[in-house]
Amino acid sequence: HVKIDSLEYFMKEIDRVCSVDTPYLPTDADILQSHMVTNGFVAKAFYSHITKHNQMKIKDVDRNFLYSDGSFPNIPDTRNDKKLEVIDTGGQRGDQTRYVHLFKNITCVLFVAAINEYDQYYEEDNRSRLDVSVELFRETLEEKTFQDSAMIVFLNKNDLFRKKLTTAPFKSYGVTMYTDYELEDDDAEPYAQPLVEQRNLDYKGKECKMIKFPPYKLDGSDEEFEQCYNDTCDYIRELYRKQSDDLPFKKSRNLYIHFTTSTDTKNLERIMESAQDVILNTSLTDLGAII
């Protein structure tokens, strides 16, 4: 069973959420901690506005609109605003590539992976969620529809990843339980059931101790933990980066990798900054300034 990531947050807020004296009104933090299953795809447009202090402000334009051919309505840009059109596909396994044929003229693809799921497995085939995510990223890179599109990778839930490193080994050789059954055949082999699956066996970095006193400090002051955290981040980052090594069109692709938290309201600004960088590089390439 997989614990919902926001369970700890809402358990701490349960008195406020379930108060009989005050009607419950969700806060911004409550909304950011909420999750829902997405099916199909939805579209939304944003304007990014650069203020006189050179700060990026995101302005919502419209939501849930998309023509049948996968294109957006023509919304005119204002002189100081840049429009960002986002298509969100279903996050369920098997849905992610179902709508690829609807896309065209995609500037960049935002690929989101929950890195705190490194110790979780899919029930249907017992495959590591991290391995499946990396495989899906490879398939996305190989899609002809996206061969000229930049890739922005959000290695998400970084805050939960840091906490889990102290309780679940990042590298595991696996643990197997053997159960004897009273069978008529005396030569029958005992039934082997894996309790802990093998994972990340090629990881060579520092590993966190599962039993440590005093415990690790996660505020950035613990050098031993930070080394472990940085080594695992480097390993995961390289897993995704090396997927494009053998692709024939890799030289023309821009790849941006960010470690993020799902409740960080600046994530959209990172998308905008990367997208604008892609557009600038594309324009310079077309003019012959970049080869």
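The values are calculated or read from the model by the stated rules, or taken from the named source; none is laboratory data. What you are looking at is a predicted structure, and each value in this text was computed from that prediction instead of being measured. In this analysis, Cβ positions are derived from the backbone assuming ideal geometry, glycine residues included, and neighbour counts consider all displayed protein chains. The area values use the complete protein model at the heavy-atom level, side chains included, leaving out ligands, DNA and RNA. Shrake-Rupley method; radii C 1.70, N 1.55, O 1.52, S 1.80 Å.
If you go through the range 84-122 and keep only what is touching a Ser or Thr at 6+ places or on another chain (Cβ under 7 Å), under 23 Å from Thr263 (Cα atoms), open to solvent by 40 Å² or more (accessible area, probe 1.4 Å) and at pLDDT 85 or above, you end up with nothing.
From Phe154, Phe170, which residue is open to solvent by less than 20 Å² (accessible area, probe 1.4 Å), within 30 Å of Cys208 (Cβ to Cβ), outside any helix (DSSP H, G or I) and in contact with a His (Cβ under 6 Å, 6 or more places away or on another chain)?
Numbers: Phe170 fails: in contact with a His (Cβ under 6 Å, 6 or more places away or on another chain).
Matching residue, one of Phe154, Phe170: Phe154.
Any residue at all in the range 41-60 that is assigned to a loop (DSSP other than H, G, I, E, B), open to solvent by 60 Å² or more (accessible area, probe 1.4 Å), modelled with pLDDT of 50 or more and among the aliphatic types (A, V, I, L, M)? The answer is no; no qualifying residue exists. Return a yes/no flag: does the range 192-205 have any residue that is modelled with pLDDT of 55 or more, under 26 Å from the mean Cα position of the chain (by Cα), open to solvent by 50 Å² or more (accessible area, probe 1.4 Å) and of a type in the set (A, V, I, L, M). Yes, because at least one residue in the range 192-205 is modelled with pLDDT of 55 or more, under 26 Å from the mean Cα position of the chain (by Cα), open to solvent by 50 Å² or more (accessible area, probe 1.4 Å) and of a type in the set (A, V, I, L, M).
Among residues that are modelled with pLDDT under 75, open to solvent by 50 Å² or more (accessible area, probe 1.4 Å) and of a type in the set (Asp, Glu), Glu182 is included.
What number of residues in the range 123-151 are in contact with a helix residue (DSSP H, G or I) (Cβ under 6 Å, 6 or more places away or on another chain), open to solvent by 30 Å² or more (accessible area, probe 1.4 Å) and either assigned to a loop (DSSP other than H, G, I, E, B) or of a type in the set (Val, Ile, Thr) (or both)?
Our first condition is that a residue be in contact with a helix residue (DSSP H, G or I) (Cβ under 6 Å, 6 or more places away or on another chain); within the range 123-151, this holds for 129, 134, 137-138, 141, 143, 145, 150.
Within this subset, residues satisfying the condition of being open to solvent by 30 Å² or more (accessible area, probe 1.4 Å) are 129, 138, 143, 145.
Keeping just the survivors that are either assigned to a loop (DSSP other than H, G, I, E, B) or of a type in the set (Val, Ile, Thr) (or both) gives 143, 145.
Residues flagged as in contact with a helix residue (DSSP H, G or I) (Cβ under 6 Å, 6 or more places away or on another chain), open to solvent by 30 Å² or more (accessible area, probe 1.4 Å) and either assigned to a loop (DSSP other than H, G, I, E, B) or of a type in the set (Val, Ile, Thr) (or both) within the range 123-151 amount to 2.
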